[in-house]
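Accompanying notes for the structure given below.
Values quoted throughout were computed directly from the atomic coordinates according to the rules given, and no laboratory measurement underlies them. What you see is a predicted model; the values in this text were computed from it and never measured. Note that we place each Cβ from the backbone using ideal geometry, even for glycine, and neighbour counts take in every protein chain shown.
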Amino acid sequence: MSLSTIQRGRSLHEQTYQVLRANIFSGELAPNERLVETQLAENLKVSRTPVREAIRKLQQEGLVTTDASGGLRVATLSIEDVIELYDCRIALEQLSVAGACDRASDADIKQLA
């Protein structure tokens, strides 16, 4: 798991979420792999609270599921699921860029150039 990606300047639960999400999509956290909060917190060098919040968000997105014993596991995604997720991400990024362009000042555009 990529430990160097956690930076103390930003929200720990958001960074933890981003790292776990990236590791799920890359396959570093394999489908059906059991997730243990204490191990994840130790690996990422954060407390269990940001891990718990990140897992809750991943559950809402369907990337983490609860097994019969109440344990947390990485969801098994089909190719269609992954394509749909990336299509949604592309659409959101396009909206973000369009919004940024609409609100950019001349100074912002000059700085980008």
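Tabulated data
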{"quantity": "Value of Rg to Rh for the chain (Rh from inverse mean 1/r over Cα pairs, i.e. Kirkwood)", "calculated": "1.07"}
{"quantity": "Distance between modelled label sites at GLN60 and ASP87, nm, 7 Å Cα→Cβ extension", "calculated": "2.3 nm"}
{"quantity": "Fluctuation leader among LEU95, LEU35, LEU85 - the chain, Gaussian network, Cα springs under 10 angstrom", "calculated": "LEU95"}
{"quantity": "For VAL64, distant residues with modelled amide H under 5 Å away", "calculated": "GLN59, ALA75"}
{"quantity": "Packing-based exposure ordering (other Cβ within 10 Å, fewest first) of VAL36, VAL19", "calculated": "VAL36, VAL19"}
{"quantity": "The chain: relative contact order as a whole-number percent, Cα under 8 Å and 6+ apart", "calculated": "24 percent"}
{"quantity": "Amide H within-cut-off set for LEU35, under 5 Å, with H built and near neighbours excluded", "calculated": "LEU72, ARG73, VAL74"}
{"quantity": "Axial C-alpha extent at least 27 Å, average Kyte-Doolittle at least 0.0 - helices from the chain (DSSP)", "calculated": "79-103"}
{"quantity": "Theoretical ellipticity at 222 nm over the chain - DSSP helices of four or more residues, -39500 (n - 2.57) apiece, nearest 500", "calculated": "-19500 deg cm²/dmol"}
{"quantity": "Most mobile of GLY62, GLY99, GLY71 in a GNM of the chain (Cα contacts under 10 Å)", "calculated": "GLY99"}
